[in-house]
1. Just checking, how many residues over the range A:164-221 are loosely packed, with under 15 Cβ neighbours inside 10 Å and among the small types (G, A, S)?
2. Name the pairs whose Cβ atoms lie under 7 Å apart, with the first residue in the range B:266-283 and polar (S, T, N, Q), the second in a helix (DSSP H, G or I), and 6 or more positions between them or separate chains?
3. Among the residues of the range B:130-146, how many are assigned to a helix (DSSP H, G or I) and surrounded by 15 or more Cβ atoms within 10 Å (Cβ to Cβ)?
4. For the range A:266-276, check the following and say yes or no: at least one residue is exposed (fewer than 15 other Cβ atoms within 10 Å of the Cβ) and on the phi > 0 side of the Ramachandran plot.
5. State yes or no: is B:V49 in contact with a Ser or Thr (Cβ under 7 Å, 6 or more places away or on another chain), over 30 Å from A:R294 (Cβ atoms), away from chain A (no Cβ under 13 Å) and among the aliphatic types (A, V, I, L, M)?
6. Taking the range A:216-267 as the region of interest, how many residues are more than 24 Å from A:T150 (Cβ to Cβ), of a type outside the set (A, V, I, L, M, F, W, C) and out of contact with any helix residue (DSSP H, G or I) (no Cβ under 9 Å at 6 or more places or on another chain)?
7. Working only within the range A:111-126, note down all residues that are within 7 Å of chain B (Cβ to nearest Cβ) and not basic (K, R).
8. Please work out which one of (1) under 20 Å from B:T157 (Cβ atoms); (2) within 14 Å of chain A (Cβ to nearest Cβ) is the condition B:V305 fails and give its number.
Protein chains: 2
Amino acid sequence: MTKSLVFGHKNPDTDTICSAIAYAELKKAQGEDFEAVRLGEMNSETAFVLDYFKAETPRLVPSVAKEASTVSLVDHNEKQQSADDIADVTILEVIDHHRIANFETADPLYYRAEPVGCTATILYKIFQEKGIAISKTTAGLMLSAIISDTLLYQSPTCTPEDKEIAEKLAAIAGVETATYGLAMLKAGADVTTKTVDELLLDAKEFDMGDSKLEIAQINVVDEQDVLVRKAEVEALMTQRIVEKGLDLYLFVVTNILTNNSVGIALGSKIDKVEAAYGITFTNNLAPLTGVVSRKKQVVPILTEVFSK
Amino acid sequence: MTKSLVFGHKNPDTDTICSAIAYAELKKAQGEDFEAVRLGEMNSETAFVLDYFKAETPRLVPSVAKEASTVSLVDHNEKQQSADDIADVTILEVIDHHRIANFETADPLYYRAEPVGCTATILYKIFQEKGIAISKTTAGLMLSAIISDTLLYQSPTCTPEDKEIAEKLAAIAGVETATYGLAMLKAGADVTTKTVDELLLDAKEFDMGDSKLEIAQINVVDEQDVLVRKAEVEALMTQRIVEKGLDLYLFVVTNILTNNSVGIALGSKIDKVEAAYGITFTNNLAPLTGVVSRKKQVVPILTEVFSK
């Protein structure tokens with residue numbers, strides 16, 4: 001039997017890593033040979049999660065076509081967020097909770113997207129539909145993915161279904177959601193020991209209208225931990241703009257305790273962000289009050305102003 | 001509560017019409033206000049089906065944005081196959097069994113695609129997952145959709161799941177599949193009374209590489225019924241090429257008794273079809289031996305040669 005790979009987006013987060021592991025388990029339980037891999041370095045939150053539940057770290061695979069001819073995607077679909085050589089393999093399946101864009105196949109495929117807060121929520125439903133039991137470790141990983149993506153149910157992306165399923169997973173995993181969740185989020189939000197590269201690790205590229213954007217996000221417990229290093233961060237953002245030919249680089253620094261963000265923006269299209277939110281950037285900095293979700297409170301709003 | 005519309009592709013076939021009706025029923029059973037509509041004239045097979053099961057004909061709605069701000073799509077996703085003003089409404093959901101292409105949203109949505117022979121097969125699974133009973137009439141419509149799309153299980157697009165679900169639907173509908181199915185297919189395959197426009201009714205547009213194609217298909221019990229009118233057909237194909245700026249018009253005439261087709265091709269890119277199948281068109285005509293499925297035996301193969 002031929003092996004397939006399953007992976008999430010570049011610059012992996014907890015949902016991308018944990019959903020890849022969970023989906024590989026699901027497929028193995030159905031007798032198929034799937035390996036969960038990752039396209040980039042893991043963040044400290046995900047490292048905390050894998051360590052806590054004693055799960056193996058998926059192998060780092062920069063190029064997928066050398067390893068397999070068929071793949072499944074979790075937690076993303078846009079090709080610029082996927083493996084660089086994604087065009088050289090056949091996509092069998094996609095399980096995702098994002099908008100669909102820059103995605104095209106020659107053949108019919110299995111595609112399951114739902115407008116919920118986390119890929120793991122959809123995976124839980126598929127496990128149920130197929131009648132496959134979820135192990136304690138996998139339940140812990142899937143719970144962590146939901147806590148991460150919904151900021152412990154505080155994000156506007158969180159649906160009643162995410163919360164309900166997270167609590168069922170917590171029961172299987174044997175953890176208390178609030179206590180475990182806050183410890184996990186804090187492990188990811190401690191930015192004081194991070195390099196500048198690590199601050200911008202959770203970055204995603206988007207094509208909007210005729211413009212090319214990168215939107216990075218980081219969770220913190222105090223914005224100042226990032227802002228004291230603003231000059232260094234801006235230097236790296238500028239470098240990325242030049243390397244990738246971007247029209248805009250937006251860095252969203254989200255405080256997980258207050259549920260507000262500040263934005264740092266560079267590039268020729270800053271005025272679009274100002275128009276979108278009715279804000280003014282001063283020294284490239286502006287408040288993004290109440291914004292915690294890139295997917296729901298940044299991408300659609302910018303897509304609209306860039307499409308005009 | 002705001003009303004949403006649900007519809008299938010332009011130039012509707014039996015799956016597009018019957019799946020729209022079935023999906024509207026499913027949503028109504030969940031307390032949502034959905035109306036099944038159609039984007040174009042129905043073919044004679046679908047008319048036979050609606051008459052047989054005493055189902056109402058969905059309303060013809062050339063423009064959707066005037067009627068509703070939210071829609072769900074069945075049996076298609078590519079925008080050139082959808083309503084002309086699809087960009088002016090929000091797509092809530094897609095239930096489909098085709099490749100994904102030319103499809104983009106600003107927001108996350110519910111998208112359910114499976115590589116099965118028919119949309120109605122996926123709908124049956126959703127009815128089961130939600131625990132909603134299927135009425136006798138709706139079961140008959142869904143069965144008809146599967147018979148139509150799989151040519152009574154003879155098409156290579158037919159999966160064991162399509163057949164299994166069709167037989168369950170036949171039991172609910174109270175019909176004998178083989179007898180009913182052949183009568184239904186023959187009702188659609190009687191082309192002798194059709195106008196030339198009606199011969200090319202089941203036409204879909206595709207963007208492949210830098211080229212624009214239209215691929216039409218018709219089921220017959222004798223190819224000669226179409227070929228005696230080849231000059232008339234070619235005149236209409238030529239007109240469409242000019243009007244739409246097409247690089248290729250391919251008309252696939254499929255014999256449902258022998259499971260073979262002949263192709264009539266016009267346009268500047270006929271050589272691509274010849275290369276794809278290793279055939280030579282003589283007087284724009286060539287045999288397509290064993291080809292019965294546009295989706296599985298035409299679109300992917302042409303996509304590949306047009307992408308080179």
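1. Residues flagged as loosely packed, with under 15 Cβ neighbours inside 10 Å and among the small types (G, A, S) within the range A:164-221 amount to 4.
2. B:T280/B:E274
3. 10
4. Checking the range A:266-276: not a single residue is exposed (fewer than 15 other Cβ atoms within 10 Å of the Cβ) and on the phi > 0 side of the Ramachandran plot.
5. Values: in contact with a Ser or Thr (Cβ under 7 Å, 6 or more places away or on another chain): yes; over 30 Å from A:R294 (Cβ atoms): yes; away from chain A (no Cβ under 13 Å): yes; among the aliphatic types (A, V, I, L, M): yes.
Considered against the rule, which asks whether it is in contact with a Ser or Thr (Cβ under 7 Å, 6 or more places away or on another chain), over 30 Å from A:R294 (Cβ atoms), away from chain A (no Cβ under 13 Å) and among the aliphatic types (A, V, I, L, M), B:V49 comes out as yes.
6. Count: 9.
7. A:Y111, A:A113, A:E114, A:P115, listed by residue number.
8. Only one criterion in (1) under 20 Å from B:T157 (Cβ atoms); (2) within 14 Å of chain A (Cβ to nearest Cβ) is unmet by B:V305, namely (1).
The values are calculated or read from the model by the stated rules, or taken from the named source; none is laboratory data. Here the structure is a predicted model, which means the values were calculated and not measured. Glycine also receives a Cβ, built like all others from the backbone with ideal geometry; neighbour counts cover every protein chain displayed.
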